[in-house]
Each structure stands twice: as C-alpha cells, then as structure tokens.
Amino acid sequence: MSTGFIGLGAMGAPMARNLHRAGLLGAVWNRSTDKARSLATELGVREAPSVLALARTSETLVLCVSADNDLLQVIAALAPAMRQGLLIIDCSTVSANAARAAGRICAARGAEFLDAPVSGGVEGAAKGTLAIMVGGEAAALERAMLVLQAMGKTITHFGPQGAGQAAKATNQIMVAGIIRAVAEGLAFAAAQGIPLDKTIATLSQGAGGSWYLANRGPFMERGAYPAGFRVRLHEKDLKICQAMAAASGATLPVVEAALRDYAQLIAAGHGDEDVSSIFRLTAPLFAAAGHEPTAGAVEA
Ligand code: NAP
C-alpha cells in the first residue's frame, strides 16, 4: 500500500514526481489518460485504470484537480472505495465549503480528509518547496506529514477542515494585488526607458520585491505568458474569495478589480495564459503619452 496521485496537471505532475523521488508514489490516475500514461512510463509506476482501482491499492491519495465541482466529482467517484485507514489529501484550491463537504463524505465512510492547498507556483511544485496550508484533524496531518514533506517545505496546520482553504484564499487575494502592482510598475519602468531586466533583478532584492516580480516579471519583459498559473484558475479562486467575503458582508476592492481585469483578458482569449499576462492591460496605460504599447497588449 502506498500513495496514489489524482490530477497530473501543471502542479500535480511535478508534485507526483517529488513523491516518487521520496519513494512514496505507487500509482497515478488522470482524467485524460495520456498524461497518466506518460508520467507512469517516465517514473516506472503503475497507471491505475480508475480512481476506484487507485483507492483500493493506496493507503493515501493526493488530489490536485481544478475547482469545487471537480473535487466533489472525484470524491463521489472514490466513495465506494473509502474505508477506515484511507487518507485523502486534497491539494486543489477550492472553497472551504467544498473542503468541508468532501470531508463529510469521507468521514461517513471512515476515511480521513485533509484540505492541503499549496502555494509556490509550478516552480515550487518542481523543487518540492511549496507552502502547504492544512485543514483537518491533527492526527491525520501527522499521518500525512511524510507525503506533504516530499512536496513542500512549509507545512502549517491552520485548524479544522476548510481552514487550509481559508489560508489559501487569503494568499490568492494578496496575489491579485501583487501581480497587478508588478504589471503596473513594469509598465511604468518601460515608459521611463529603464531596462526591465535590471529593474526586475534589483527591485526583487528590495522592499518592493516579491515572488511575482522575481519569477513573473521576466514573463512580462518577454511578452510571453506560458501557463504557470492560468488566468482562469485565479479567476476561479477570486470568486471563492468574493463569496467568502460576501458571507461576512464584505466586498474586497482588490478582488473586484482583479475580476474585472481577468474578465477582459478572458474575453480577449488569454484565459489560459499565466496571470502575468495582466501586463497586456497595464502596458497600454502609457500609450496615450506616446509610448508604443507592448506587443499583444489588450486595449483597455
Ligand atoms: P491544470 O494544469 O489545469 O490541471 C488540472 C488537473 O485537474 C488536470 O490533471 C485535470 O485533468 C484534473 N481535473 C480537472 N477537473 C477534473 C475532474 N472533474 N475530474 C478529474 N480530474 C480533473 O491546473 P493546475 O495549475 O495543475 O492547478 C491544479 C490546482 O492547483 C487548482 O485548484 C489550482 O487553483 C491550484 N494551484 C495552481 C497553481 C499554479 O501555479 N498552477 C499554484 C497553486 C495552486 P485533465 O488533464 O483531464 O484536464
């Protein structure tokens, strides 16, 4: 019995590779079978024919799928194989309510469930340095620790089921503001005629530095936004934040502004690009002053 992995996307595949390196990965499953087949071949692990088959031969399952409905679909498919001793660790970013709903389904069948969303991007997933925010029982977290340590560096227990997702939602609000500030700052720098490579390298070391400036500033400089963290996924997260804030009677200005920006990017066909493609919206801010907008800019 070992760990099975479900959801081999941009994050899941490198996370599964790190589980394999730690000697913990037994088998993988992915909805599109080509991804499961190629990773299973690469790592020399089994490709499970179904989530049920995977659950029956695993002690622990790690999930990394897209959104609330996807998590709940996978949990429903797993339900017949749930049993005492099965531990399900969900690394997807979903709402706290979806995490609690998944937890109830698992508990009714004797299985344990942890919400364990991650932060650190595809780079953190590849390096095994993710920050992992955990909600659920302390005893389940203790059992999950080896698996989580194979994928992440900072593992924090925030409280009962749903608390990990609350921490992740907090992170996503901050990301919304930071990526916009980086995009606005670099558009400004370009208009001032200072070199963006030096700006990124130097300011990353200062008080205005951030993971996004250091890792996504170069995407803006190149005007190429390969999917690391897709606009659509962050939009999905921000809608979760919006709903969670609304439940407390609050509206979040940064979230509202980001949702407007993302709606514009998605309408212009950029929903599957990395969120740094928000530079397409900030670069034209200086066009009125006679600066050439960056290639691929979206007219505001
Ligand atoms: P992705 O590349 O789009 O991969 C999504 C994965 O989920 C794919 O393997 C997909 O299968 C699977 N999936 C989606 N819906 C499913 C369903 N209904 N049933 C079964 N499998 C399903 O996304 P990602 O970037 O890896 O993100 C995965 C999760 O991590 C998301 O919740 C995201 O918000 C979060 N996250 C992403 C990042 C990032 O930088 N990318 C960082 C932190 C957290 P198919 O291959 O068949 O489509």
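The values are calculated or read from the model by the stated rules, or taken from the named source; none is laboratory data. Everything numeric in this text was worked out from a predicted model, so none of it was measured. Don't worry about glycine lacking a Cβ; one is built from the backbone with ideal geometry, like all the others, and counts go over all protein chains shown. Heads up: the accessible areas ignore ligands, DNA and RNA and are worked out on the full protein's heavy atoms, side chains in. Shrake-Rupley method; radii C 1.70, N 1.55, O 1.52, S 1.80 Å.
Can you tell me which residues in the stretch 16-28 are open to solvent by less than 60 Å² (accessible area, probe 1.4 Å) and either farther than 19 Å from Val122 by Cβ or in contact (Cβ under 8 Å) with a residue 60 or more places away in the chain (or both)? Those that are open to solvent by less than 60 Å² (accessible area, probe 1.4 Å) and either farther than 19 Å from Val122 by Cβ or in contact (Cβ under 8 Å) with a residue 60 or more places away in the chain (or both): Asn18, Leu19, Ala22, Leu24, Gly26, Ala27. Sub-8 Å Cβ pairs linking a first residue in the stretch 114-129 that is without any contact (Cβ under 8 Å) to a residue 60 or more places away in the chain to a second residue that is within 8 Å of the ligand (Cβ to nearest atom) and assigned to a helix (DSSP H, G or I), at least 6 apart or interchain, are Pro117/Lys168; Ser119/Lys168, ordered by first then second residue.
Scan Ala126, Ala167, Ala150, Ala187 and give me the residue that is open to solvent by less than 30 Å² (accessible area, probe 1.4 Å) and either within 16 Å of the ligand (Cβ to nearest atom) or touching a strand residue (DSSP E or B) at 6+ places or on another chain (Cβ under 6 Å) (or both).
Values: Ala126 fails: open to solvent by less than 30 Å² (accessible area, probe 1.4 Å); Ala150 fails: either within 16 Å of the ligand (Cβ to nearest atom) or touching a strand residue (DSSP E or B) at 6+ places or on another chain (Cβ under 6 Å) (or both); Ala187 fails: either within 16 Å of the ligand (Cβ to nearest atom) or touching a strand residue (DSSP E or B) at 6+ places or on another chain (Cβ under 6 Å) (or both).
Within the list Ala126, Ala167, Ala150, Ala187, the selection yields Ala167.
When you check Ala13 against the structure, is it part of a helix (DSSP H, G or I), within 11 Å of the ligand (Cβ to nearest atom), under 26 Å from Asp237 (Cβ atoms) and open to solvent by 20 Å² or more (accessible area, probe 1.4 Å), yes or no? Full working, then the answer.
Working: part of a helix (DSSP H, G or I): yes; within 11 Å of the ligand (Cβ to nearest atom): yes; under 26 Å from Asp237 (Cβ atoms): yes; open to solvent by 20 Å² or more (accessible area, probe 1.4 Å): no.
Here the answer is no, as Ala13 does not meet what is asked.
Looking only at residues of the stretch 218-232 that are part of a helix (DSSP H, G or I) and open to solvent by 40 Å² or more (accessible area, probe 1.4 Å), we find that the one that is nearest to the ligand (Cβ to nearest atom) is Arg232.
Pairs linking a residue in the stretch 31-57 that is surrounded by 13 or more Cβ atoms within 10 Å (Cβ to Cβ) and modelled with pLDDT of 95 or more to a residue that is of a type in the set (Val, Ile, Thr) and assigned to a helix (DSSP H, G or I), with Cβ atoms under 8 Å and 6 or more positions apart or on different chains, are Glu47/Thr33; Val51/Val74.
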